[in-house]
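Readers should treat all values here as calculations from the given coordinates under stated rules, not as data from a laboratory. Source: prediction; values computed, not measured. Neighbour counts run over all protein chains shown; Cβ positions are idealised from the backbone, glycine included.
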Amino acid sequence: MERAKRLISEKGVDVIDDIQREILHLNSIRASLNYKLYEVYTTNRLLAIKILGYASENKMLGGKGLSKEVEEIVEYYLKAGRKNER
């Protein structure tokens, strides 16, 4: 064990410290991006729910409801929250 400690020079320790600082910096950037991604996901999901509400109201008033394209987009954003469906 003592021999292993002697193999790392001061320069090596400095390099390791620099790498650890860089890893911490990158982790903080990743955490920030994950939070922003979650915000976008939540916003898109809420918009999909609103669209479904407006489509239901439209259909109740005699309209056509959702087009196939819009229905697929809404389903995409709502399916992400249902983990058991694939």
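Across region 10-79, the convex hull enclosing all Cα atoms gives 71 Å³ per residue. Residue-wise HN-Hα couplings along region 39-49, as the Karplus relation 6.51 cos²θ - 1.76 cosθ + 1.60 with θ = phi - 60° gives them from phi, are 4, 5, 4, 5, 4, 4, 5, 5, 5, 4, 5 Hz; Gly and Pro carry x. Which of the trypsin sites (Lys or Arg not before Pro) found in region 53-82 are loop residues per DSSP with 13 or fewer other Cβ atoms within 10 Å of their Cβ? Sites meeting the loop and neighbour criteria: Lys64, Arg82.
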